[in-house]
Amino acid sequence: MSPSPEALAKLTPVLTKRWLSPDAWKIDVYERLDGYAALRKAMRHHPDELIAFMKESGHRGRGGAGFPVGMKWAFIPQNDGKPHYLVVNADEGEPGTCKDLPLMTNDPHSLIEGIVIASYAVRAARAFVYIRGEAVHAARRLRNAVEEARAKGYVGENILGTGFDLDIVVHSGAGAYICGEETALLDSLEGFRGQPRLRPPFPATHGLYASPTVINNVGSIASVPHIVLGGADWWKSLGSENSAGTMIYSLSGRVKNPGQYECGMGTTLNELLDLAGGMADGHNLKFWTPGGSSTPMLAAEHADVPLDFDSVAKAGSILGTTAMMIFSDQDCPVYASYRWIRFYAHESCGKCTPCREGNYWMTRVYRRILSGQGTHDDLDTLLDACDNLLGRSFCGLGDGATSCVTSSLKLFKQDYLDYIEGRRQPLLKASDLVGAH
Amino acid sequence: MAYSEELREKAREIMDRYPEGKQRSGLLPMLHLVQSEDGYVTPEGIAFCSEMIGITKAQVAAVSTFYTMYKREPTGDFLVSVCTNTLCDVMGGQKVYDELSEYLGVGHDETTADGKITLEHAECLAACDYAPVMTVNYEFYDRVDGDQAVGVAKALQ
Ligand SMILES: NC(=O)C1=CN([C@@H]2O[C@H](COP(=O)(O)OP(=O)(O)OC[C@H]3O[C@@H](n4cnc5c(N)ncnc54)[C@H](O)[C@@H]3O)[C@@H](O)[C@H]2O)C=CC1
Ligand SMILES: Cc1cc2nc3c(=O)[nH]c(=O)nc-3n(C[C@H](O)[C@H](O)[C@H](O)COP(=O)(O)O)c2cc1C
Ligand code: SF4
Ligand code: FES
């Protein structure tokens with residue numbers, strides 16, 4: 001079924017507009033498609049004007065928390081005599097999230113152009129891209145693109161004759177989800193185990209090497225050249241109230257055509273499903289995440305919620321990274337939660353007790369339930385564990401882990417009871433419990 | 001193993017990317033470098049990083065054991081990783097993993113007797129729209145099923 005005209009009208013490729021142009025990752029093709037025009041424009045302005053402009057645009061972080069980008073840049077103290085850094089968070093580890101790697105593969109120069117503009121605005125002479133280690137292909141693309149940009153004078157010394165110098169280093173991680181948390185990322189980038197630091201102070205004042213540092217997600221920075229060229233009002237006009245611009249919605253799971261659909265903020269799941277050809281044959285929507293595994297799951301009744309920061313919060317979840325994992329009546333929310341909790345238990349850095357122990361115990365409780373040996377008390381134990389995690393963990397990983405548990409218990413308690421009361425065949429074998437630890 | 005002057009030069013290049021006095025930032029890339037040379041992070045590799053950066057071997061080891069991608073034992077020529085995080089799992093990833101495991105006769109983080117293939121289950125690889133996903137030495141295979149995965153394994157052997 002082809003998408004309806006209404007749904008097609010929602011499709012607004014901005015960050016993704018070059019993805020279909022052949023070889024757009026090469027610098028000469030990129031230049032032909034408006035590439036580096038925003039940099040020239042930006043550098044005609046004073047850095048402070050650029051920061052004010054970013055505030056004006058209403059642009060918010062695309063890494064999950066939606067913090068206003070211009071405000072973060074403005075936090076960087078000026079004339080403090082310390083070096084400033086820009087760090088791009090390209091760790092992309094949140095289950096379901098798959099927008100940053102294709103962006104860097106298909107259009108790496110948009111990220112580089114954004115980095116140069118952002119660094120110029122916050123007076124950083126060095127920028128780092130911390131990219132997840134497994135993404136060998138995307139890192140290679142990005143490194144080549146940095147070299148191309150250097151050869152053309154967009155990166156390096158005296159950029160475009162303005163006297164501004166910037167070096168960009170692409171730094172690969174080594175497979176730890178927690179290194180996406182910004183302070184753990186900084187420790188990792190400094191050559192330590194990636195464990196979160198206490199905030200405040202925030203990286204804006206005490207970041208990399210204890211210097212003022214802006215950390216932004218790939219999407220946050222790659223949007224910057226588009227906003228500079230299109231203007232603040234244009235960017236605001238694409239989204240909804242308090243949620244400016246477009247968003248890359250990543251649809252995965254039980255849909256006909258999974259993939260990246262870029263639309264104005266405030267598009268609904270129903271509209272996105274329309275674009276993606278509908279649910280896969282024989283599947284009916286049962287539950288979905290609006291923004292990755294750390295965002296509370298929603299049900300079919302929420303398919304009309306406008307997917308922007310405020311509306312999703314009102315519906316009881318978080319917009320997160322707009323990583324929409326879509327599950328059907330053939331999938332089990334209890335099992336899905338179990339599998340996510342196993343992930344959090346594995347990725348917990350071990351620094352604080354609620355997260356290290358809580359996820360470990362919840363994994364065991366889930367195993368018991370799914371192997372048909374759960375009790376009604378187990379449900380209270382799960383909620384109790386979440387109580388001890390939410391707001392009591394050292395970083396957002398612990399908080400995020402509770403989302404799937406509490407939301408699935410709220411929306412799909414019957415599914416839990418079906419296992420506990422023997423109406424549903426166990427999904428795990430009792431033998432999985434023997435020696436389970 | 002004694003490392004070549006060429007490798008030392010590469011290690012120095014890595015350290016040069018970071019600001020003066022912050023050469024420890026080069027540790028993760030340097031561990032990738034010695035691992036690609038030796039197949040895993042060997043005691044010699046740890047000693048090399050410690051010497052180049054000027055920190056203790058214990059400090060290097062403490063870092064390398066934190067990260068999943070650094071292997072503590074020899075791995076096969078090919079590292080086959082199957083994503084079994086929730087989304088890939090329900091789309092068939094766990095089945096792919098199980099079939100590969102049965103065919104190869106090894107479990108998670110184990111290597112076939114001929115030293116060719118190491119199998120592991122991976123967490124989300126940020127390619128969920130292509131689920132279920134498998135990688136071989138970090139090159140992606142999209143929407144795999146058990147038969148295809150076993151076919152890839154056979155070809156590697
Ligand atoms: N992209 C991905 O793969 C993943 C994304 N996430 C997302 O991460 C989010 C949580 O991230 P956090 O960094 O813990 O969120 P946060 O809300 O604590 O911080 C967001 C950003 O605003 C800055 N900030 C906040 N208050 C500030 C202040 N007073 N002064 C200066 N800067 C300030 C922080 O430094 C940070 O850069 C979750 O909402 C989740 O959706 C989680 C896991 C993975
Ligand atoms: C456990 C955890 C993992 C995270 N992983 C990522 C990530 O992979 N990529 C990302 O951009 N932000 C990630 N974040 C959010 C960052 O801490 C930070 O908020 C973000 O990089 C700021 O960028 P933005 O303001 O441009 O969104 C993670 C947060 C937590 C708590
Ligand atoms: S909440 Fe979890 S990941 Fe975060 S610091 Fe505590 S143990 Fe580490
Ligand atoms: S869940 Fe497998 S790639 Fe994301």
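The values are calculated or read from the model by the stated rules, or taken from the named source; none is laboratory data. Predicted model only: the values in this text are computed from it and were never measured. Methodologically, a virtual Cβ is constructed for each residue, glycine included, from the backbone with ideal geometry; neighbour enumeration extends over all protein chains shown. We work out accessible area using only protein heavy atoms, side chains counted, and drop any ligands, DNA or RNA first. Shrake-Rupley method; radii C 1.70, N 1.55, O 1.52, S 1.80 Å.
Being facing chain A (nearest Cβ under 10 Å), free of Cβ contacts under 8 Å to residues at least 24 places away in the same chain and surrounded by fewer than 19 Cβ atoms within 10 Å (Cβ to Cβ) narrows it down to one residue among B:Glu110, B:Glu51, B:Glu139; which is it? First the steps, then the outcome.
Details: B:Glu110 fails: facing chain A (nearest Cβ under 10 Å); B:Glu51 fails: facing chain A (nearest Cβ under 10 Å).
Of the residues listed, the single one that is facing chain A (nearest Cβ under 10 Å), free of Cβ contacts under 8 Å to residues at least 24 places away in the same chain and surrounded by fewer than 19 Cβ atoms within 10 Å (Cβ to Cβ) is B:Glu139.
Need pairs with beta-carbon distance below 8 Å; first residue more than 20 Å from A:Cys98 (Cα to Cα) and at the interface with another protein chain (Cβ under 8 Å from one of its Cβ atoms) and within segment A:323-349, second more than 15 Å from ligand 4 (Cβ to nearest atom) and part of a strand (DSSP E or B); sequence gap 6+ or separate chains.
From residues that are more than 20 Å from A:Cys98 (Cα to Cα) and at the interface with another protein chain (Cβ under 8 Å from one of its Cβ atoms), the pairs are A:Asp331/A:Lys286; A:Asp331/A:Phe287.
Among (1) farther than 30 Å from A:Leu166 by Cβ; (2) in contact with a helix residue (DSSP H, G or I) (Cβ under 9 Å, 6 or more places away or on another chain); (3) among the small types (Gly, Ala, Ser), there is one condition B:Gly26 misses while meeting the rest; what is its number?
The one condition B:Gly26 does not meet is (1).
Out of B:Val150, B:Val133, report the one residue that is open to solvent by 10 Å² or more (accessible area, probe 1.4 Å) and either hydrophobic (A, V, I, L, M, F, W, C) or within 14 Å of chain A (Cβ to nearest Cβ) (or both). Full working, then the answer.
Numbers: B:Val133 fails: open to solvent by 10 Å² or more (accessible area, probe 1.4 Å).
That would be B:Val150, the only listed residue that is open to solvent by 10 Å² or more (accessible area, probe 1.4 Å) and either hydrophobic (A, V, I, L, M, F, W, C) or within 14 Å of chain A (Cβ to nearest Cβ) (or both).
Under 8 Å between Cβ atoms, at least 6 apart or on separate chains: pull out the pairs that start in segment B:15-27 with a residue that is assigned to a loop (DSSP other than H, G, I, E, B) and end on any residue that is open to solvent by 50 Å² or more (accessible area, probe 1.4 Å).
Within 8 Å, the pairs are B:Pro19/A:Pro83; B:Pro19/A:Arg126.
Taking A:Ser252 and the conditions (1) of a type in the set (Gly, Ala, Ser); (2) part of a strand (DSSP E or B); (3) within 16 Å of ligand 3 (Cβ to nearest atom), which numbered condition does it fall short on, given that it satisfies the others?
A:Ser252 satisfies every listed condition except (3).
From the list A:Val224, A:Val228, A:Val255, A:Val214, exactly one residue is out of contact with any Pro (no Cβ under 6 Å at 6 or more places or on another chain) and within 15 Å of ligand 1 (Cβ to nearest atom). Which is it?
Details: A:Val224 fails: within 15 Å of ligand 1 (Cβ to nearest atom); A:Val228 fails: within 15 Å of ligand 1 (Cβ to nearest atom); A:Val255 fails: within 15 Å of ligand 1 (Cβ to nearest atom).
Among A:Val224, A:Val228, A:Val255, A:Val214, only A:Val214 is out of contact with any Pro (no Cβ under 6 Å at 6 or more places or on another chain) and within 15 Å of ligand 1 (Cβ to nearest atom).
Do we have A:Glu147 as open to solvent by 40 Å² or more (accessible area, probe 1.4 Å), away from ligand 1 (no atom under 16 Å from the Cβ) and more than 21 Å from the chain's Cα centre (by Cα) here? Walk me through it before giving the result.
Values: open to solvent by 40 Å² or more (accessible area, probe 1.4 Å): yes; away from ligand 1 (no atom under 16 Å from the Cβ): yes; more than 21 Å from the chain's Cα centre (by Cα): yes.
Yes, satisfied.
Could you tell me whether segment A:162-172 includes any residue that is away from every other protein chain (no Cβ under 13 Å), modelled with pLDDT of 95 or more and under 30 Å from B:Cys124 (Cα atoms)?
no
Since A:Ser408 meets every condition but one in (1) in contact with a Cys (Cβ under 8 Å, 6 or more places away or on another chain); (2) within 13 Å of chain B (Cβ to nearest Cβ); (3) more than 16 Å from ligand 3 (Cβ to nearest atom); (4) in a helix (DSSP H, G or I), which condition does it not meet?
Failing condition for A:Ser408: (1).
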